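Q: One structure follows; several queries about it will come next.
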Amino acid sequence: MSTNFLKLAKISLVLVYLVIIAGAVVRMTGSGMGCPDWPKCFGYYVPPTDVETLLWSPNHEFEKGQVIIYNEELQVAKNNFTSTDKIDLINWEMYTKHDYAVFNVWHTWIEYINRLLGALAGLATLFLALLSLKYWSCDKKITLISWLVVFGMGFQAWLGATVVYSVLEPVKITLHMFMALVIVALLLFLIFTASKRSLNVKARNQIKLLFTSALVLTLVQIILGTQVRQFVDEQIDTVGETAKNLWLENPTIKFYIHRSLSIVVLFLNFYLFWKIRKSKLPFKKINWVITILFLEIGTGILMYYFDFPFASQPLHLVLASLLFGIQFYLVLEASLWNKSDKSL
């Protein structure tokens, strides 16, 4: 397997994780509607830095597609024109995807950076897919999965647009996060395959089952966590951003399931850690899993008992996505391992 392909796959993975981190920051800062349209931002490829740019003004040249805020509504220029002394609404049409029309420069640029990182990740995966074409004759699944990643990135971009159009509908946010993890898994599979010289090794069913179970539990925890986060967002809207001690007041049953299931996740992974150490199995990445689990539980404790310290929410999400990635890689390693294989 080409070293260039492996390097580009790793770069693509890093960029996808940067998008996940940026998305977590977007949620932490409430910047999801910082750009109310898509793919542009207030009609611009590079968003404005001043609200004055989004207001109507006389004797000003407006371009087709440019957005202004007028009477608390988004108006889109129909054509290129120069304004006169009074606004003529015949030159404008109301934005109909939603009725959100607020400009906050920090929210706008945080969301813009998130989209920019997404575009860079998309380009990286496209180049990766093009590079994979040379392997079509010897290993078709490499090419097929590489292009599947590209389509996945396109679908993820479309999901991002629907999240904006729905004004951050919870189900679509959860699906958006789930799709990001699918892309992470596909890239990890490519990296794993590119790193191996031989694939002709029998699996050890028990250890693979345990790794798979731990992975599934982590995925369930992430999905539940996004639902808990949505409850917190609703609480913020009700009690305000400063009343952090009330953000988890009277939570839904999903919160208690999420909290209780974390104990199961911890014990299962500790059992895996003990089994691997006792049997001297070659799965060293289990140490990363345990470390991240402690950090993950620590951030959860901070949020619940210490009223959501700064950056605890996005850190909690990013750690969960890293945990998912490492556990998925361990499943791949277990699928190729037997007692005589020491290469892992």
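The values are calculated or read from the model by the stated rules, or taken from the named source; none is laboratory data. Just so it is clear, the structure is predicted and the values come from calculations on it, not from any experiment. Note that each Cβ is placed from the backbone with ideal geometry, even for glycine, and that neighbours are counted across all protein chains shown. Please note that ligands, DNA and RNA were not included when accessible areas were found on the heavy atoms of the full protein model with its side chains. Shrake-Rupley method; radii C 1.70, N 1.55, O 1.52, S 1.80 Å.
Q: Among ASP37, ASP50, which is open to solvent by 10 Å² or more (accessible area, probe 1.4 Å), among the acidic types (Asp, Glu) and closer than 24 Å to ALA121 by Cβ?
A: ASP37
Q: Let me ask you something else. Name the residues in the stretch 18-34 that are open to solvent by 30 Å² or more (accessible area, probe 1.4 Å) and assigned to a helix (DSSP H, G or I), would you? Steps first, please.
A: Taking the stretch 18-34 first, the residues open to solvent by 30 Å² or more (accessible area, probe 1.4 Å) are 18-19, 21, 25, 27-30.
Of everything in the stretch 18-34, those that are open to solvent by 30 Å² or more (accessible area, probe 1.4 Å) and assigned to a helix (DSSP H, G or I) turn out to be LEU18, VAL19, ILE21, VAL25, ARG27, MET28, THR29.
Q: Conditions: (1) open to solvent by less than 30 Å² (accessible area, probe 1.4 Å); (2) over 30 Å from ALA129 (Cβ atoms); (3) not β-branched (Val, Ile, Thr). TRP106 meets all but one. Number of the miss?
A: Going through the list (1) open to solvent by less than 30 Å² (accessible area, probe 1.4 Å); (2) over 30 Å from ALA129 (Cβ atoms); (3) not β-branched (Val, Ile, Thr), TRP106 breaks only (1).
Q: Could I ask something else about it? For the stretch 142-164, what are the residues that are open to solvent by 10 Å² or more (accessible area, probe 1.4 Å) and not β-branched (Val, Ile, Thr)?
A: LEU144, TRP147, LEU148, PHE151, MET153, GLY154, PHE155, GLN156, ALA157, TRP158, GLY160 - these are the residues of the stretch 142-164 that are open to solvent by 10 Å² or more (accessible area, probe 1.4 Å) and not β-branched (Val, Ile, Thr).
Q: Which condition number in (1) open to solvent by 30 Å² or more (accessible area, probe 1.4 Å); (2) part of a helix (DSSP H, G or I) is the one that VAL167 fails?
A: For VAL167, the failing item is (2).
Q: While we're looking at this one, here's another question. Test HIS98 against the stated conditions and say whether it is of a type outside the set (A, V, I, L, M) and open to solvent by less than 40 Å² (accessible area, probe 1.4 Å). Spell out the reasoning first.
A: Values: of a type outside the set (A, V, I, L, M): yes; open to solvent by less than 40 Å² (accessible area, probe 1.4 Å): yes.
Spelling it out, HIS98 is indeed of a type outside the set (A, V, I, L, M) and open to solvent by less than 40 Å² (accessible area, probe 1.4 Å).
Q: Considering the stretch 67-79 alone, what residues qualify as being touching an Asp or Glu at 6+ places or on another chain (Cβ under 8 Å) and either under 15 Å from TYR44 (Cβ atoms) or at pLDDT 95 or above (or both)? First the steps, then the outcome.
A: Pass one, the stretch 67-79, residues touching an Asp or Glu at 6+ places or on another chain (Cβ under 8 Å): 67, 73-78.
Passing the criteria: VAL67, LEU74, GLN75, VAL76, ALA77.
Q: Let me ask something else about it. One residue is enough: does the stretch 123-133 have a residue meeting the conditions surrounded by 14 or more Cβ atoms within 10 Å (Cβ to Cβ) and closer than 30 Å to LEU55 by Cβ?
A: Checked against the condition, which is being surrounded by 14 or more Cβ atoms within 10 Å (Cβ to Cβ) and closer than 30 Å to LEU55 by Cβ, the stretch 123-133 yields no hits at all.
Q: Turning to a different aspect of this structure: Answer yes or no as to whether LYS64 is modelled with pLDDT under 95, surrounded by fewer than 18 Cβ atoms within 10 Å (Cβ to Cβ) and within 30 Å of VAL16 (Cα to Cα).
A: Judged against the criteria, LYS64 is not a match.
Q: Residue by residue through the stretch 258-312, note down the ones that are free of Cβ contacts under 8 Å to residues at least 24 places away in the same chain, more than 28 Å from GLN206 (Cβ to Cβ) and either touching a strand residue (DSSP E or B) at 6+ places or on another chain (Cβ under 6 Å) or open to solvent by 50 Å² or more (accessible area, probe 1.4 Å) (or both).
A: Within the stretch 258-312, ILE301, LEU302, TYR305, PHE306, PHE310 qualify.
Q: Being at pLDDT 90 or above and aliphatic (A, V, I, L, M), is that true of even one residue in the stretch 275-283?
A: yes
Q: For LEU187, which of the numbered conditions (1) within 17 Å of LEU8 (Cβ to Cβ); (2) not in a helix (DSSP H, G or I) fails to hold?
A: LEU187 satisfies all of (1) within 17 Å of LEU8 (Cβ to Cβ); (2) not in a helix (DSSP H, G or I) except (2).
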